[in-house]
Amino acid sequence: MFERKDYLDLSGKTAVVTGAGSGIGLAVADMLSAYGAAVAIVDVNPAGEEEARKFREAGRNVQFFRCDVTNEQNVKETVEGIVSAFGHIDILHNNAGVTVRKTIDALSEKEWDFVLDVGLKGLFLMSKYVIPEMRKAGGGSIVNTGSGWGLKGGDQAAAYCAVKGGIVNVTRAMAIDHGKDNIRVNSVNPGDTVTNMMISEGRQTGEIKSDDDIEEFLKACGSGRPLARIGQPEDIAKCVLFLCSDLAGWVTGAALVVDGGGIA
């Protein structure tokens, strides 16, 4: 018979979350620290320090590390700093990402490189330097933020779709390579979620012409889904918690869709 156990307890674990200064990443940092993990908030925006301070004031073990995930030396030094601060790394959430909403012929080379560098190169570099630390710790869990548009196409989003499709498949490759290290690798694939980036997309596509349009835009983004609402960052954070926890102990190489049924 099963004995009742808190499979979600992350006490003693250290989690690294990129793009954690706001949006989904911040919600994940909040969720993982609420369940006992020490958390490194990693973001290029120095405002992440203020978020880390709020968590510390609430009694949580959270520190901010400013890092450009596209810069290898910066990533290497950041991972070294996290290990120095916390002793080990058990969880990595590769969440940093950006988008430029344009068709392929409208994109500049600089815009294409920017989207791919943050989303894919950033995942590569963080994983490259964190995986050896996970081996030392005896294993771990990596969760990569994909998208519903990594599993199907989207309009005016060529670079973003390229990144997210790549994330879904590199996740599978990483799961195959690092299962022997007791490292599980999965992707979480959100649908439209209320974040600053989502609002930025609305402005880029012209669906948001002024702040007065924001509420209607967000409502419209969720209205066609079976669950008839847009996602909230905590919806995604709950699923990342699951993938990082012992509840998902035999889950690796999976692409978990969290989108209110949008691509069902």
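Is region 137-158 home to any residue that is hydroxyl-bearing (S, T, Y), touching a Lys or Arg at 6+ places or on another chain (Cβ under 8 Å) and in a helix (DSSP H, G or I)? Spell out how you get there, then give the answer.
Residues of region 137-158 that are hydroxyl-bearing (S, T, Y), as a first pass: 141, 145, 147.
Subset that is touching a Lys or Arg at 6+ places or on another chain (Cβ under 8 Å): 141, 147.
Subsequent filtering for residues that are in a helix (DSSP H, G or I) retains none.
No; the residues of region 137-158 include none that is hydroxyl-bearing (S, T, Y), touching a Lys or Arg at 6+ places or on another chain (Cβ under 8 Å) and in a helix (DSSP H, G or I).
Do we find a residue being in contact with a Ser or Thr (Cβ under 7 Å, 6 or more places away or on another chain), surrounded by fewer than 23 Cβ atoms within 10 Å (Cβ to Cβ), of a type outside the set (S, T, N, Q) and in a loop (DSSP other than H, G, I, E, B) anywhere in region 58-66?
Yes, the conditions are met somewhere in region 58-66.
So I176 passes all but one of these: (1) touching a Lys or Arg at 6+ places or on another chain (Cβ under 7 Å); (2) part of a helix (DSSP H, G or I); (3) within 18 Å of G146 (Cβ to Cβ). Which condition number does it fail?
For I176, the failing item is (1).
Applying the selection to region 187-215, what residues are under 18 Å from K102 (Cβ atoms), without any contact (Cβ under 8 Å) to a residue 12 or more places away in the chain and of a type in the set (G, A, S)?
Correct list: G206 only.
Give the residue that is farthest from the chain's Cα centre (by Cα), with candidates limited to residues of region 154-182 that are surrounded by fewer than 13 Cβ atoms within 10 Å (Cβ to Cβ) and within 30 Å of K136 (Cα to Cα). Give the steps one after another, and end with the answer.
Looking only at region 154-182, we keep the residues that are surrounded by fewer than 13 Cβ atoms within 10 Å (Cβ to Cβ), and these are 155, 173, 176-177, 180.
Next, from what is left, pick out any that are within 30 Å of K136 (Cα to Cα): 173, 176-177, 180.
Details: A173: 18, I176: 20, D177: 21, K180: 24 Å.
Residue satisfying both the conditions and the ranking: K180.
Please go through region 132-150 and pick out each residue that is among the hydrophobic types (A, V, I, L, M, F, W, C) and either free of Cβ contacts under 8 Å to residues at least 40 places away in the same chain or touching a Pro at 6+ places or on another chain (Cβ under 9 Å) (or both). Full working, then the answer.
Within region 132-150, the first condition is being among the hydrophobic types (A, V, I, L, M, F, W, C), and the residues that meet it are 134, 137, 142-143, 149.
W149, the sole residue that qualifies.
Only residues in region 236-264 that are aromatic (F, W, Y) count as the first member; pair them with residues that are part of a helix (DSSP H, G or I), Cβ under 7 angstrom, at least 6 apart or cross-chain, and list the lot.
These pairs meet every condition: F242/A248.
Run T171 past the list (1) in a helix (DSSP H, G or I); (2) polar (S, T, N, Q); (3) more than 16 Å from L92 (Cα to Cα) and report the number of the one that doesn't hold.
Condition not satisfied by T171: (3).
Which residue is surrounded by the most Cβ atoms within 10 Å (Cβ to Cβ), if the candidates are limited to region 221-235 and must be assigned to a helix (DSSP H, G or I) and touching a residue at least 12 places away in the same chain (Cβ under 8 Å)?
Filtering region 221-235 down to residues assigned to a helix (DSSP H, G or I) leaves 221-223, 233-235.
Next, only the ones that are touching a residue at least 12 places away in the same chain (Cβ under 8 Å) stay: 221-222, 233-235.
Working: C221: 22, G222: 19, P233: 20, E234: 15, D235: 20.
Only one residue tops the list, namely C221.
Answer yes or no as to whether I104 is part of a helix (DSSP H, G or I), β-branched (V, I, T) and at pLDDT 95 or above.
Spelling it out, it is not the case that I104 is part of a helix (DSSP H, G or I), β-branched (V, I, T) and at pLDDT 95 or above.
Look through V69, V75 and report the one residue that is touching a Ser or Thr at 6+ places or on another chain (Cβ under 9 Å), under 27 Å from R184 (Cβ atoms) and surrounded by 24 or more Cβ atoms within 10 Å (Cβ to Cβ). Steps first, answer last, please.
Numbers: V75 fails: touching a Ser or Thr at 6+ places or on another chain (Cβ under 9 Å).
Step by step, each of V69, V75 is checked, and only V69 is touching a Ser or Thr at 6+ places or on another chain (Cβ under 9 Å), under 27 Å from R184 (Cβ atoms) and surrounded by 24 or more Cβ atoms within 10 Å (Cβ to Cβ).
Hey, can you tell me all the residues within region 26-47 that are in a strand (DSSP E or B) and of a type outside the set (G, A, S)? Let's see the steps before the verdict.
Taking region 26-47 as the starting set, the residues that turn out to be in a strand (DSSP E or B) are 38-43.
V39, I41, V42, D43, listed by residue number.
Based on this model, can you work out whether S200 counts as in contact with a Gly (Cβ under 7 Å, 6 or more places away or on another chain) and either of a type in the set (G, A, S) or surrounded by 22 or more Cβ atoms within 10 Å (Cβ to Cβ) (or both)? Steps first, please.
Details: in contact with a Gly (Cβ under 7 Å, 6 or more places away or on another chain): no; either of a type in the set (G, A, S) or surrounded by 22 or more Cβ atoms within 10 Å (Cβ to Cβ) (or both): yes.
Here the answer is no, as S200 does not meet what is asked.
For region 86-117, how many residues are over 17 Å from A20 (Cα atoms) and among the hydroxyl-bearing types (S, T, Y)?
Adding up the residues that qualify gives 2.
What about R203, is it part of a helix (DSSP H, G or I) and more than 23 Å from G165 (Cβ to Cβ)? Working first, answer last.
Values: part of a helix (DSSP H, G or I): yes; more than 23 Å from G165 (Cβ to Cβ): yes.
Answer is yes for this residue.
Matching residues to (1) in contact with a Cys (Cβ under 6 Å, 6 or more places away or on another chain); (2) free of Cβ contacts under 8 Å to residues at least 60 places away in the same chain; (3) surrounded by 18 or more Cβ atoms within 10 Å (Cβ to Cβ):
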| residue | (1), (2), (3) |
| --- | --- |
| E80 | no, yes, no |
| K110 | no, yes, no |
| V115 | no, yes, yes |
| V130 | no, no, yes |
| K152 | no, no, no |
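The values are calculated or read from the model by the stated rules, or taken from the named source; none is laboratory data. These numbers come from a predicted model, not from an experiment. Ideal geometry is used to build each Cβ from the backbone, glycine not excepted, and the neighbour counts take in all protein chains shown.
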